[in-house]
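> Attaching a single structure in structure tokens format; questions to follow.
What follows draws every value from the coordinates through simple rules; no lab data is involved. Keep in mind it's a predicted model, so treat the numbers as computed, not measured. Cβ sites come from the backbone with ideal geometry, for glycine too, and all protein chains shown count toward neighbours.
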Amino acid sequence: MRRSIFFRYAVGTLVLGLLPVLNAAAEDPSVPDTARRVTQWMPASNFYPQYIADPLRPQSALTIMWMANSEIPETGASRFSLRLGGRWGIVRWHPEGEPDRGWQIDFEGGFFGHFDRDHSLDNIGWDGLFGFYLSWLPREDLGFRTGLKHESAHVGDEYAERTGRTRIGYTRQEIVAGVNWRLTPKWQIYAEGGLGFDLDDSQDPGRVQAGIEYFGTRTFWKQRMTWYAALDLQSFQELGWQTMSTAQVGFLLPTGRGTGRFRLAIEVGTGRSALGEFFFHDETYVGFGWYYDF
């Protein structure tokens, strides 16, 4: 634990220490206008694209889930999933006149939990998530990111009281590196790897992730709404590289504020439970939800 805290503070101190240097370089009047960098604090728009179908990223959503199969003992066939959180840009450096290229530091954080509709909406479990990332987009259609990601999982109080299930203390923190490539205006693919550290004896460090997304061009509802489809695949070394698959099909509606958007979607998932405390249990479900990306 001490090593983990020291590592995070060391990285944070390094980043904060570099900010004045980068800011001064970006505003140096000796730099030709053609190479001038602009510093933008708290940018309102997304930079590195979010993985739409990733169930383990911070986001805001309310979903009703119908469980086709669940290995989590003494749970019902229907749940609510509540997700609160998202990603916030801290600072962006970009070429003058090209805000969709350059570098950005982001923070993301959030909560998600599952509530059992067949047992008085008992909270089965919940996870807290946060991360810091540095992204680089050399072109508008190609992006890279690296950073630190943390997940801590908990058993719901009502579920623990009813079943006697105690917390195993699942906590996972990773160094991550990812790439996102927009092949065409309609198609986008991504891949990411995570290397866990400060893990307990039941965990292994490796995690790999990949996905593909399609954005339709046909518009609906006063030509403001479009449709999309997304697939996310993740595998964890601690589960013998078993694949966790999540797919979504739905509609996108811009909010009118930066790149924020609403989504109305059907989600299908199978494989490892999204709840960290039950990572060794498999689940298969169909969900219908309302999502908000900001």
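> I'd like the Karplus ³J(HN,Hα) series for segment 243-250: coefficients 6.51, -1.76, 1.60, θ = phi - 60°, whole numbers in Hz, and an x wherever there's a Gly or Pro.
For segment 243-250, the Karplus-derived couplings read 8, 9, 10, 9, 10, 9, 9, x Hz, x marking Gly and Pro.
> Among (1) 68, 55, 30; (2) 83, 52, 40; (3) 60, 47, 37, find the value of Cα extents along the principal axes in Å that was calculated from the structure presented, and write down its label.
Recomputing Cα extents along the principal axes in Å here gives the entry labelled (1).
> For labels at L142 and S202 in the simple 7 Å Cα→Cβ model, what's the distance in nm?
So the label points at L142 and S202 sit 4.3 nm apart.
> Between L62 and I90, what length in nm is gained on full extension when 0.36 nm per residue of separation is reduced by their alpha carbon distance?
Details: separation 28, 0.36 × 28 = 10.08 nm, distance 2.65 nm.
Result for the pair: 7.4 nm of gain on full extension.
> With θ taken as phi - 60° and the coefficients 6.51, -1.76 and 1.60, list the Karplus ³J(HN,Hα) couplings across segment 50-62 in order, rounded to whole Hz; mark glycine and proline as x.
Ordered by residue, 3J(HN,Hα) equals 7, 7, 4, 8, 6, x, 10, 9, x, 6, 10, 6, 10 Hz.
> 5 Å is the cut-off here: which amide hydrogens, built 1.01 Å from N in the peptide plane, fall below it relative to D204, excluding neighbours closer than 5 in sequence?
E238
> Something else now. Taking the Cα centre as origin and putting +1 on Lys and Arg beta-carbons and -1 on Asp and Glu beta-carbons, what dipole magnitude results for the chain, to the nearest 20 debye? The partial results should precede the final answer.
Working: 29 positive and 35 negative charges, 193 e Å.
Using only the charged Cβ atoms, the result is roughly 920 debye.
> Tell me which chymotrypsin sites (Phe, Trp or Tyr not before Pro) from segment 179-288 have a DSSP coil assignment and no more than 16 other beta carbons within 10 Å of their own.
Working: sites: W181, W187, Y190, F197, Y214, F215, F220, W221, W227, Y228, F236, W241, F251, F262, F278, F279, F280, Y285, F288; in loops: W221, W241, F279, F280.
Answer in residue order: W221, W241, F280.
> Here's another thing I want to ask about it. Which residues' amide hydrogens lie under 5 Å from the amide hydrogen of G102, considering only partners 5 or more residues apart or on another chain, with H built in the peptide plane?
Result for G102 returns L137.
> Let me ask something additional. With θ taken as phi - 60° and the coefficients 6.51, -1.76 and 1.60, list the Karplus ³J(HN,Hα) couplings across segment 275-285 in order, rounded to whole Hz; mark glycine and proline as x.
6, x, 5, 10, 4, 8, 10, 8, 9, 10, 8
> Moving to a separate point now. Under the rule of at least 5 residues apart or a separate chain, name every residue whose amide H is placed under 5 Å from the amide H of E74.
Answer set, sorted by chain and number: none.
> Expressed as a rounded percentage, what relative contact order does the chain have, with Cα pairs under 8 Å and six or more residues apart? Let's see the in-between values first.
On the way: 756 pairs, mean separation 48.2, N = 294.
Worked out over the chain, it gives 16 percent.
> In units of 2.2 N^0.38 Å, what is the alpha-carbon radius of gyration of segment 41-90?
Details: Rg = 15.4 Å, N = 50, 2.2 N^0.38 = 9.7 Å.
After normalising by residue count via 2.2 N^0.38 Å, the value is 1.58.
> Per the Kirkwood formula on distinct C-alpha pairs, the Rh of segment 91-233 is how many angstrom? The partial results should precede the final answer.
Details: mean 1/r = 0.0546 Å⁻¹.
By the Kirkwood definition, the hydrodynamic radius is 18.3 Å.
> How far is it, in nm, from the label point at W241 to the one at L183 when both lie 7 Å from their Cα along the line to the Cβ?
The modelled label-to-label distance comes out at 2.3 nm.
> Mind pulling the angle between the C-alpha long axis of helix 2-26 and the longest principal axis of the chain? Nearest 10 degrees, somewhere in 0 to 90.
Roughly 30 degrees, rounded to the nearest 10.
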